[in-house]
Amino acid sequence: MKTLLASLLLAALFAASSASDVETTHPEPCAVRAWVRAEDLSPDHISRGELRIKVPRAECANQIASVALRLQLDEFGEFKYLKGGAIIPEVQPSNQSTPSGYADWMGSDVVYDYQAHDDSLSDPALWAVKAEERRAWTTEATLIENNPDLSQPIVTAFTVAVPCVNYPPVLQSNHRHILRAPVLKHSFSDLSYRYFAVVTFIDGRIEDVPAGRTTFIPSLQLNPQQTLRTWNVTFEDFDCRRDTSPAMKKRDEDLEKCLPEVDRSSFVAEITLEEGNILQRGQSLKGRVTVRRTKDGSTAMSDISVSLVTSFRDHWAQAQAAAGGDVEFYNSTSWPCSPLLYGSRELCAESERFAYVFDENDEERMIRSRHLSFMKPVSLADPYYDFEIEVPPETPVDFTSYYTTGESLLQLRLTVLYSIDIAKCVQPNDFKSNIPGDEEMTTDETAATEEGMWNMYTRVGKSAISDTEWSRSMTLQAMVPITVVRGGAVPTLPIMHYLTPGALAPVLRSGAQLKMPASFPPVQPIFTVEALANTSARLMQPGSTDPYQRRMNITRLQRDYPDPARNYQNGNYAGVLWKKKVVAEERGILPMRTEVVDGGDRQQSFHIAP
């Protein structure tokens, strides 16, 4: 009887538990996916677009009451600067014993204590940090309503009317760089034009579903008569060291001791641009650079490269730091010290980054790059470089946004060499007796070409390059201001900058409305400051600046354990050298072989590129 009662009791408890589970179990809420395809935005223009809405689950097909589409411009900026009067403790020598191999890599047998210095880099009493978001405007319109049937995806049209106002473009490479702790002086900014589908469900729930992003193509009005065609600029050593450790300071001191700046040669560049310094995207930049030595000294010109770059600086962060007493923040976050300089390109459908998407040849998957120039040897006897650089359609135009200023520049990089004796003085550990020096390089052209045939990195038919050049060279830089414009038709009405008081905001409308609205709303930005705890968690992370400690975390095990295969990949690849010989014979650079080799018919021939 007791057993029966116990069984009935357990059954009742199980039934109650099951009923409770049924009562408390809720079905997963319906979800929606959204996509937007649309033309880019531009001033005094109506951009057409389409919104696609889809529900992944069939039972949700009738759960949507309406869908609106919202477009918003969000801008972001953040900084970390040293408060006025704050002092970072110096790195001090310690009494630690020298680790094996330390002196060879660090150039000194003194071990330093970084603890107090590193701790100060995350001390909130010394640093000011801030991050904020600026929502410049939002525009929204209902595109789908009346509880539509979404058993199949719905695609509906819309337009965005833009007033005669220039808004900033979007940079496709302007992503946040990896913040390696500890973070030093720092600035970062970004912006985005984002589409959201605002979905209202029949139960009253509202959800913002990301639907895509777009960009803005500003139109610049410039007077062609303002263009300049010639410049004279001086090459300078723009060495921006973020690493101020004792080891780096010692290397700088050794360089100055062995290669005093006052003893170095001086060089200038004479630049002539055929069409001047106002360029349209898609055209070619043609010109000539002539390098002149203005002072004979201990360095000699070697080669030069020319490239079109874009310099960005976060002027908002720099102004905040200046007001807060950090007088060095501007230089540490501007060219050439800023990390956000050269790789950025505007988000653009015509970019070569997306060329493969539209290529009819399925085998073609290479992204071509024609906007960089190649390096050319220069000397006193041949100081000229005639260059041609294509200005890609995604080249950023000069523009100042709320947080950032972007400027285009023609960058000239001149490599200069110093003697091997100076190199041995600067880096004695890198020049052992078994490393060939300049004394092995021949001035005989035929002999130099023969040496080149035995170097896997020298082009066929070219002279060998000294193996020591990479370690006894310096790179000097010079800049020429360039203005990049969009090109094409320019609106007849005056174009206002979006930061001008009274600027107007775009309007998003349902359907294919292709006439400008009677009026536009004013820009009314809204600022949101990130919680200090969140900003500090990102920018005040503890870490070590000890270069040896950082290096040992990566390389110490690789260096210390025995490895029979350590040198397996050193030296030239013989197959490449042999192929160079075959190619040189076929091109007439070397005499054709006449000897017959046993098994020659079975030897697999190389594929020779023309």
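Coordinate-derived values only; no laboratory data. Here the structure is a predicted model, which means the values were calculated and not measured. Glycine also receives a Cβ, built like all others from the backbone with ideal geometry; neighbour counts cover every protein chain displayed.
Okay, here's what the table says:
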read-out	value
³J(HN,Hα), Karplus 6.51/-1.76/1.60, whole Hz, each residue of the range 81-95, x for Gly, Pro	10, 7, 5, x, x, 6, 10, 8, x, 6, 6, 10, x, 10, 9
Straight-distance crosslink candidates among lysines, where the alpha carbon sits under 22 Å from Lys257 and sequence neighbours closer than 8 are dropped	Lys249, Lys295, Lys424, Lys432
Inter-site label distance for Ser151 and Lys462 at 7 Å from Cα along Cβ, in nm	6.8 nm
Nearest-0.05 FRET efficiency for Met375 and Ala447, computed from C-beta distance (R0 25 Å)	0.55
Inverse of mean 1/r across different Cα pairs in the range 29-92, Kirkwood, Å	17.5 Å
Test item: Cα-centred dipole of the range 31-103, Lys/Arg +1 and Asp/Glu -1 on Cβ, debye	380 debye
Additional length obtainable on full extension of the chain from Leu184 to Ser266, 0.36 nm per residue less Cα span	26.2 nm
Interchain or long-range residues, amide H under 5 Å from Asn277's placed H	Leu228
Label point distance in nm, Val327-Gln92, each placed 7 Å from Cα along Cα→Cβ	2.7 nm
Packing rank of 40-46, 201-207, where each peptide gets the mean count of other beta carbons within 10 Å, highest leading	40-46, 201-207
Sequence-distant residues sharing a close amide H with Gly287 (under 5 Å, placed H)	Glu274, Phe387
Using a Förster distance of 22 Å, the FRET efficiency for Glu350-Leu514 (Cβ separation, nearest 0.05)	0.40
Sequence-distant residues sharing a close amide H with Lys130 (under 5 Å, placed H)	Phe79
Packing rank of 284-291, 478-485, 51-58, where each peptide gets the mean count of other beta carbons within 10 Å, highest leading	478-485, 284-291, 51-58
Reachable lysines from Lys130, criterion Cα separation under 19 angstrom, eight or more residues apart if same chain	Lys80, Lys83, Lys185
